[in-house]
Amino acid sequence: MVALEREKMVFLVVTLAIGIHFTATAALEPSVIIVGAGMSGISAGKRLSDAGIKNIVILEATNWIGGRIHKQNFAGLSVEIGANWVEGVHGEQMNPIWEMVNKLNLKTFFSNYDNLSSNTYQQAGGLYKESFAQQAFDVADSLAEFSRNISTSLTASREEDISILASQRLKNLVPSAPIEMAIDYYNYDYEFAEPPRVTSLQNTEPLPTFSNFGEDLYFVADPRGYESVVYYVAKQYLTSNSAGQITDSRVKLNKVVREIRHSQSGVIVKTEDGAVFRADYVMVSASIGVLQTNLINFQPDLPHWKILAMYQFDMGVYTKIFLKFPYKFWPSGNGTEFFLYVHEKRGYYTIWQQLEREYPGANVLLVTVTDDESRRIEQQPDYETKAEIMEVLRNMFGKNVPEATDILIPKWWSNRFYKGTFSNWPIGVSRYEYDQIRVPVGRVYFTGEHTSEHYNGYVHGAYLAGIDSANMLIRCIKTNFCKFPIAAKGT
């Protein structure tokens with residue numbers, strides 16, 4: 001009996017010792033909460049995992065992985081309601097997203113805008129004479145080149161930034177006629193989701209995306225969805241099932257983060273459903289639009305310099321509206337994929353794309369609106385938007401245009417988890433202020449496409465930003481070269 005009790009005691013001591021060892025080992029591995037399972041959050045998680053920091057939890061507000069890279073069923077088709085293009089291809093450097101797309105063998109289609117002068121429609125109907133339209137495009141190209149030269153000159157002389165519109169005024173050539181505004185909208189609003197009057201010249205002309213990665217663009221139209229690239233990154237460190245779904249317990253969907261408490265000893269993250277998570281650090285990948293709202297409450301408040309920097313940056317709204325028709329009534333074939341509608345109101349259903357190559361026989365059109373038009377459309381019933389679009393189409397192609405059988409209008413601005421589609425660099429934000437958006441506050445780190453040093457607004461920017469932000473945290477952890485100043489309320 002005594003021997004048996006002695007064996008039990010030895011077993012208990014050994015078990016306790018092992019338990020203490022495991023606890024001590026776990027304590028040595030830093031823990032990180034990642035807020036958001038979009039490209040940046042997933043990318044940051046992979047970089048942390050590669051560095052040996054695997055004690056992570058990813059909290060995602062929605063029921064999907066991918067964030068603003070998201071497919072949706074539309075009339076039996078898989079369409080992208082968010083990011084749709086790989087922008088920056090066939091340049092000196094390889095766009096990392098293009099590399100992933102090719103590895104996954106996703107279906108992509110080269111977007112050729114070269115023939116727009118042959119496909120520019122007047123407000124009251126009918127095509128502009130090609131020579132007239134081409135002349136307007138040539139003037140716009142010359143104006144864009146002038147703006148790029150001004151930008152280069154300002155940067156070289158370290159002078160203050162100006163808006164794209166200001167550079168056009170320097171040329172004394174501000175687009176004002178309807179066709180000039182439509183082309184100007186195509187050149188700038190269609191890319192940045194905001195007009196030239198607010199967009200920074202030095203930080204958008206020339207664009208590093210096209211300078212570094214190439215000027216070609218490819219439209220992703222694959223049943224698996226563009227989000228496949230996010231899953232491609234995720235599966236390199238998160239467990240998944242045979243169907244390709246992420247099943248890792250470290251990823252928690254439908255977890256809406258509402259409060260982040262941070263101190264020198266760690267962070268506490270609370271979600272809307274009452275759950276509480278504790279960690280050494282938190283990486284926030286929410287969009288700049290969300291950070292400009294009160295969805296996430298930081299305790300203590302973020303310092304004023306941080307808040308001011310975040311509020312100075314812009315969250316654009318870019319809305320791709322899909323329409324399906326009983327039959328095709330628009331021109332098709334080479335050189336007809338993109339067409340412009342000229343209206344006296346800037347940005348009024350200006351940019352059109354017929355998707356015959358991407359979805360053969362589906363009879364689908366895509367029209368893009370941005371900024372104030374996007375917000376206006378999100379606040380009105382879909383049937384009113386459809387009526388406006390049908391009027392535009394009948395102006396272009398005649399009164400016999402059939403009624404659309406289906407319409408899909410994404411509403412990113414109204415969605416409290418996004419509050420827009422991607423960031424735009426506005427006039428007035430310096431590189432120093434932009435760095436303030438990126439830098440951590442104590443144990444709170446930030447990532448997202450809006451923190452990408454050169455590629456804000458792009459999918460590759462989101463991916464690279466996740467890596468960059470994770471590297472900052474890794475340096476802090478590995479070298480212990482970091483401080484945790486806690487911003488007191490009111491400072």
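The values are calculated or read from the model by the stated rules, or taken from the named source; none is laboratory data. Just so you know, these numbers come straight off a predicted model, no measurement behind them. A quick note on method: Cβ atoms are made from the backbone with ideal geometry, for glycine too, and the neighbour counts reach across all protein chains shown.
The table below lists the values:
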{"read-out": "Test result for Gly420, closer than 16 Å to Ala44 by Cβ, buried (at least 19 other Cβ atoms within 10 Å of the Cβ), modelled with pLDDT of 95 or more and under 14 Å from the mean Cα position of the chain (by Cα)", "value": "no"}
{"read-out": "Qualifying residue in the range 402-416 (condition: modelled with pLDDT under 95, among the hydroxyl-bearing types (Ser, Thr, Tyr) and closer than 26 Å to Ala61 by Cβ)", "value": "no"}
{"read-out": "Count of residues meeting criterion [touching a residue at least 60 places away in the same chain (Cβ under 8 Å) and either assigned to a loop (DSSP other than H, G, I, E, B) or within 18 Å of the chain's Cα centre (by Cα) (or both)] in the range 186-212", "value": "15"}
{"read-out": "Residue satisfying all of: in the range 198-247; surrounded by fewer than 18 Cβ atoms within 10 Å (Cβ to Cβ), small (Gly, Ala, Ser) and out of contact with any helix residue (DSSP H, G or I) (no Cβ under 7 Å at 6 or more places or on another chain); nearest to Glu80 (Cα to Cα) among these", "value": "Ala243"}
{"read-out": "Entirely in the range 304-359, the strands (runs of 3 or more DSSP E) that have 1 or more residues that are out of contact with any Ser or Thr (no Cβ under 9 Å at 6 or more places or on another chain) and touching a residue at least 60 places away in the same chain (Cβ under 8 Å)", "value": "318-324"}
{"read-out": "Helices (runs of 4 or more DSSP H) fully within the range 379-480 counting 1 or more residues that are among the small types (Gly, Ala, Ser)", "value": "382-397, 459-479"}
{"read-out": "Filter pass, Ala279 being among the hydrophobic types (A, V, I, L, M, F, W, C), more than 30 Å from Ser78 (Cα to Cα) and touching an Asp or Glu at 6+ places or on another chain (Cβ under 7 Å)", "value": "no"}
{"read-out": "Selection status of Gly67, on the phi > 0 side of the Ramachandran plot and either touching a helix residue (DSSP H, G or I) at 6+ places or on another chain (Cβ under 6 Å) or not charged (D, E, K, R) (or both)", "value": "yes"}
{"read-out": "Qualifying positions in the range 102-145 - under 25 Å from the mean Cα position of the chain (by Cα), over 26 Å from Ser167 (Cα atoms) and touching a residue at least 24 places away in the same chain (Cβ under 8 Å)", "value": "Lys103, Leu104, Leu106, Lys107, Thr108, Phe109, Phe110, Ser111, Asn112"}
{"read-out": "Filter pass, Thr319 being closer than 30 Å to Leu355 by Cα and under 18 Å from the mean Cα position of the chain (by Cα)", "value": "yes"}
{"read-out": "Total residues in the range 433-455, condition within 20 Å of Leu201 (Cα to Cα) and crowded, with 24+ Cβ neighbours inside 10 Å", "value": "4"}
{"read-out": "Close pairs from the range 227-245: first at positive phi and assigned by TED's automatic domain parsing to the domain that holds Pro96, partner buried (at least 20 other Cβ atoms within 10 Å of the Cβ) and β-branched (Val, Ile, Thr), Cβ under 7 Å, at least 6 apart", "value": "none"}
{"read-out": "So Val367, is it assigned to a strand (DSSP E or B) and either within 28 Å of Asn115 (Cα to Cα) or of a type in the set (Phe, Trp, Tyr) (or both)", "value": "yes"}
{"read-out": "Among residues of the range 248-267, those that are surrounded by fewer than 19 Cβ atoms within 10 Å (Cβ to Cβ) and out of contact with any Asp or Glu (no Cβ under 8 Å at 6 or more places or on another chain), counted", "value": "8"}
{"read-out": "Residue match in the range 376-385 (condition: in contact (Cβ under 8 Å) with a residue 60 or more places away in the chain, surrounded by 20 or more Cβ atoms within 10 Å (Cβ to Cβ) and either within 27 Å of Lys107 (Cα to Cα) or aliphatic (A, V, I, L, M) (or both))", "value": "no"}
{"read-out": "Gly52 being under 26 Å from Tyr445 (Cβ atoms), over 22 Å from the mean Cα position of the chain (by Cα), at pLDDT 95 or above and surrounded by fewer than 16 Cβ atoms within 10 Å (Cβ to Cβ)", "value": "yes"}
{"read-out": "Leading residue by the ranking (surrounded by the fewest Cβ atoms within 10 Å (Cβ to Cβ)) among those in the range 69-100 that are under 13 Å from the mean Cα position of the chain (by Cα) and not aliphatic (A, V, I, L, M)", "value": "Trp85"}
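Residues are listed down the side, and each one gets a yes or a no for (1) assigned by TED's automatic domain parsing to the domain that holds Tyr359; (2) modelled with pLDDT of 95 or more; (3) in contact with a strand residue (DSSP E or B) (Cβ under 8 Å, 6 or more places away or on another chain); (4) not basic (Lys, Arg):
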site	(1), (2), (3), (4)
Arg169	yes, yes, no, no
Ile179	yes, yes, yes, yes
Phe192	yes, yes, yes, yes
Leu207	yes, yes, no, yes
Phe213	yes, yes, yes, yes
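Okay, residues lined up against (1) farther than 24 Å from Tyr218 by Cα; (2) in contact with a helix residue (DSSP H, G or I) (Cβ under 6 Å, 6 or more places away or on another chain):
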position: Val317; (1), (2): no, yes
position: Asn334; (1), (2): no, no
position: Val342; (1), (2): yes, yes
position: Glu373; (1), (2): yes, no
